[in-house]
Structures are given as C-alpha cells and as structure tokens.
Amino acid sequence: MPSDSKPVVAILMGSHSDHPTMEETEKLLERFQVPYVTRVTSAHRAARRTHELTAELERGGVRIFVVGAGLAAHLAGAVAGVTTRPVIGVPMAGGSLQGVDALYSTVQMPSGIPVATMAIGKHGAKNAAILAVEILALEDPTLRDRLLAYREELERSVEEGDREVSESGEVTSEDVSDAISKLTPEGER
Ligand code: RP5
C-alpha cells in the first residue's frame, strides 16, 4: 500500500492487468520505505491524460517515474517526453512475442529522451525499484545504508544456497568427470 507521506516515486502502468508485475516494484519500495503512488494510464488510449497526470505528479513532488507497459509499450517514452525527471521503463512479459515487443518499444528511444529500460517482467519490476532507490540514495545516506543491508542479504542468500547444495549430496560436475574417467580405459582418457 502506498504510504501517507508525499510520493517521491510514481509507478505508472498501461493497464490494470500490468499490476501483478508492477506489485514487485511496490513491494521493494515499501521495504526501502520510499513513498510512492501507483496509477494506471495509457500512452495510446489516453495520451492527453498521460501528459496531464505526469505534470500533476511532478508538481506534487514525484522525482522518479517507474513505468510498466506491454505490447507496443510506448507509455515510458510518452512520460519521458514530458518530464525531465528520470524515467525507468519495465517491459511486460506476455503477448504473442513474450514481452520482446515491449522490450524493444521501451528501450529503443531516440537520443535526447532516455528511458532506463529494465529486464522483461518481474525481474525488471524489482530492479526498477532498486534503481529508483539507488538514484534517491545519492542524496540520502539512510537509503544508502538500506541498500548496503539489502546487498548483504543477497550475498547471504547465495551462501545459504551454496550450503544447501553442497550438503545435500547432489551430484556435482566434478563427480560426473570423476565417474567418467573411472569408466574410460586409461589410454582413451
Ligand atoms: C496492455 O496494453 C498492456 O499490458 C499495456 O500496458 C497496454 C498498453 O496500453 P496502451 O498504452 O497501448 O493503451 O494490454
């Protein structure tokens, strides 16, 4: 849920159906205690409204826009065209081209109007939140500390995974090479 404080990040999406993906952005912004607002608008079906909404959010204090859209995904570019604040684009997965259409539509901006484009789908939605926090952390030491704590958590999760696999008795690639060399006559190794 968006917090009561004035939002500094706006999460925009082309359709309500994009929300399950963009929830990943919301969850991470909540974890970092960054106030945000989430809105649905459309680059094609509500172009004028998108421009007005972007201006209104900017006037309200939004510093970064995270924008998710699918198919011919032009919403992030449309927002970037009417603001000088950073715009982070998230291409939705799905559709006939599994999100590649949205990726190309979001990333291939002409020079002058950048959209920082993330990976397709939920990985991209998560990274959009982290990138927004990284930008805000440039001027906020508390956010910087939270980012460092998050990185440490990621590292611990890798170590846990390593422990689980190495203690589970699963077959490793070294085990396979050993077994093969034992089965192969010495002259053929
Ligand atoms: C939906 O159409 C997509 O997921 C996407 O966000 C949206 C694009 O809407 P327009 O901006 O083209 O209206 O199905």
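Key figures
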{"item": "Projected-area mean, region 9-139, by convex hull of Cα positions, square nanometres", "result": "7.1 nm²"}
{"item": "Packing-based ranking, highest mean first, of 147-158, 40-51 given that Cβ atoms within 10 Å are counted", "result": "40-51, 147-158"}
{"item": "VAL158 paired with ALA72, simple spin-label distance in nm, labels 7 Å along Cα-to-beta-carbon", "result": "4.2 nm"}
{"item": "Cα gyration tensor, region 1-53 - rounded (a/c under 1.5), prolate or oblate", "result": "oblate"}
{"item": "Cα gyration tensor category, rounded, prolate or oblate, for region 61-138 with a/c compared to 1.5", "result": "oblate"}
{"item": "Among 86-98, 110-122, the order from most to least packed when residues are scored by Cβ within 10 Å on average", "result": "86-98, 110-122"}
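Since every read-out is calculated from the coordinates, none of them should be taken as a lab result. No experiment lies behind these values; they were computed from the predicted model shown. Don't worry about glycine lacking a Cβ; one is built from the backbone with ideal geometry, like all the others, and counts go over all protein chains shown.
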